[in-house]
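Take a look at the structure below.
The values are calculated or read from the model by the stated rules, or taken from the named source; none is laboratory data. Predicted model only: the values in this text are computed from it and were never measured. No Cβ is skipped: glycine too gets one built from the backbone with ideal geometry, and neighbour counts run over all protein chains shown.
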Amino acid sequence: MKALFIILRETQYIQAILEMFLQKNIKGATILESEGMASAITRKSDLFAAMHHNTFYGQSDPEDKKNSKTIITVMKDDQVAEVVTEVRKILQPCNKRAIGFMFSMPVDDIFLIKPNN
């Protein structure tokens, strides 16, 4: 099994991604609020923002100040490539340069947590 992580800055696509999961028989996912390192640093450090942000990350876009979402789901190994392709299709209409990224990791075991077990 694999865990697929989708870090998404354009959160209006989340519903379509979750609906696609259901169509692919992926029955669960967790959605977390997330913030990238560059955003966290520039928010906390005016000096970094003034000296380095534009050099390293390009011109700052006011839209970039919003937080992203991270979707985590677990699926069979043979589903990952197809799901990644489908996520890319869903995100295709967005014309922004950087809207997020995906990665997968192996999952050895899943342990349910229940009281008194």
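General remarks:
- Of all residue pairs spaced 6 or more apart or on separate chains, those with beta-carbon atoms under 7 Å, a first member in the range 1-26 that is in contact (Cβ under 8 Å) with a residue 12 or more places away in the chain and of a type in the set (Phe, Trp, Tyr) and a second member that is buried (at least 18 other Cβ atoms within 10 Å of the Cβ) and in a strand (DSSP E or B) are 21/73.
- Counted residues, the range 1-27 - those being at pLDDT 95 or above, part of a loop (DSSP other than H, G, I, E, B) and more than 17 Å from residue 89 (Cα to Cα): 3
- Test result for residue 82, surrounded by 10 or more Cβ atoms within 10 Å (Cβ to Cβ), more than 18 Å from residue 14 (Cβ to Cβ) and modelled with pLDDT of 90 or more: yes
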